[in-house]
Amino acid sequence: GNSVTQMEGPVTLSEEAFLTINCTYTATGYPSLFWYVQYPGEGLQLLLKATKADDKGSNKGFEATYRKETTSFHLEKGSVQVSDSAVYFCALSDRGNQGGKLIFGQGTELSVKP
Amino acid sequence: DAEITQSPRHKITETGRQVTLACHQTWNHNNMFWYRQDLGHGLRLIHYSYGVQDTNKGEVSDGYSVSRSNTEDLPLTLESAASSQTSVYFCASSDYRDHGYTFGSGTRLTVV
């Protein structure tokens, strides 16, 4: 079945460091891929998405490229801020599913220190 | 502005009681979903609906039920609450598979 695997956290970085959170997936067909962010005590918010191979999603300085050949969708940011501290979830939506049912990874906690 | 709201935000209940968590959205989305979030498990799908009168089981549906009588609401019922159902519950809605979800703020449920 379809699945998403993320690197385990927590990830601790200093402010202005480079961030990479790895995400790989297993899916039949050509899924859409998403990154969500969850700040403490809140629900999840859509951060960025990509709907086909080689697409790059970007938002708030974060980027991720849909790599079909490596079945990956790694999240990157060039310079993190303390305000980026949150839990990040990678997810896929099977294109065979008209309703957009999402399968989530385990989440990766990011802590950014001043 | 359109929104998705969950109530209550926090709930403590006793083992064996029936509990209903509310989810209401004003996005006019056809698709609605319930997930539970537990440490080490990420988000796991409980039930979902693709429209009025449509409901489907997710990967952890035992002990839970939903009904969809209108577009706006998808209440989640725990038939007989168990301590294993202590969790944070999130409702979400979507209109199209490539648009992703809009999430509610969650309900923290404690079963004692």
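Some points to look at:
- The H on the amide N of A:Val11, modeled in the peptide plane, is under 5 Å from the matching H of A:Glu109, A:Leu110, A:Ser111, each at least 5 residues off or on a different chain.
- Per the Kirkwood formula applied to alpha carbons, segment B:18-68 shows a radius of gyration over Rh ratio, Rg over Rh, of 0.97.
- About its Cα centre, the dipole of chain B is roughly 300 debye, where the only charges are +1 on Lys and Arg Cβ and -1 on Asp and Glu Cβ.
- Pairwise Lys count, chain A - Cα closer than 22 Å, eight or more residues apart or different chains: 16
- Semi-axes of the equivalent ellipsoid of segment B:24-112 are 22, 14, 11 Å, computed as sqrt(5λ) over the eigenvalues of the C-alpha gyration tensor in descending order.
- The string of couplings for segment A:104-114 from the Karplus curve (6.51, -1.76, 1.60, θ = phi - 60°) is 9, x, 6, x, 10, 7, 10, 10, 10, 9, x Hz, one whole number per residue in order, with x for Gly and Pro.
- When the Gaussian network model of chain B links Cα atoms closer than 10 Å, the mean-square fluctuations of B:His99, B:His47, B:His29 top out at B:His99.
- Whole-Å semi-axes of the ellipsoid equivalent to the protein assembly as shown (Cα gyration tensor, √5λ, descending): 29, 21, 15
- Residue among B:Gly40, B:Gly51, B:Gly16 with the largest mean-square fluctuation in a Gaussian network model of chain B, springs linking Cα atoms under 10 Å: B:Gly40
- Against the rule of thumb 2.2 N^0.38 Å, how large the Cα Rg of segment A:34-114 comes out: 1.12
- Backbone HN-Hα couplings from phi across segment A:43-55 [Karplus 6.51/-1.76/1.60, Hz, Gly and Pro as x]: x, 7, 10, 5, 9, 6, 8, 8, 10, 8, 4, 6, 5
- Computed from phi, the 3J(HN,Hα) profile of segment A:8-18 under the Karplus parametrisation 6.51, -1.76, 1.60 (θ = phi - 60°) reads 6, x, x, 9, 10, 10, 8, 3, 6, 6, 8 Hz, with x in place of Gly and Pro.
- Cut-off under 5 Å, modelled amide H: who pairs with A:His74 long-range: A:Cys23, A:Thr65
- Given +1 at the Cβ of Lys and Arg, -1 at the Cβ of Asp and Glu and no other charges, the dipole of segment B:1-57 around its Cα centre is 240 debye to the nearest 20.
- Selection among A:Gln81, A:Leu92, A:Gln6 by position relative to the dipole of chain A gives A:Leu92 as farthest towards the positive end (Cβ unit charges, Cα centre).
Just so you know, all these numbers are worked out from the coordinates, no wet-lab data involved. Everything quoted here is computed from the prediction, not taken from an experiment. Cβ: placed from backbone, ideal geometry, glycine included. Neighbour counts: every protein chain shown.
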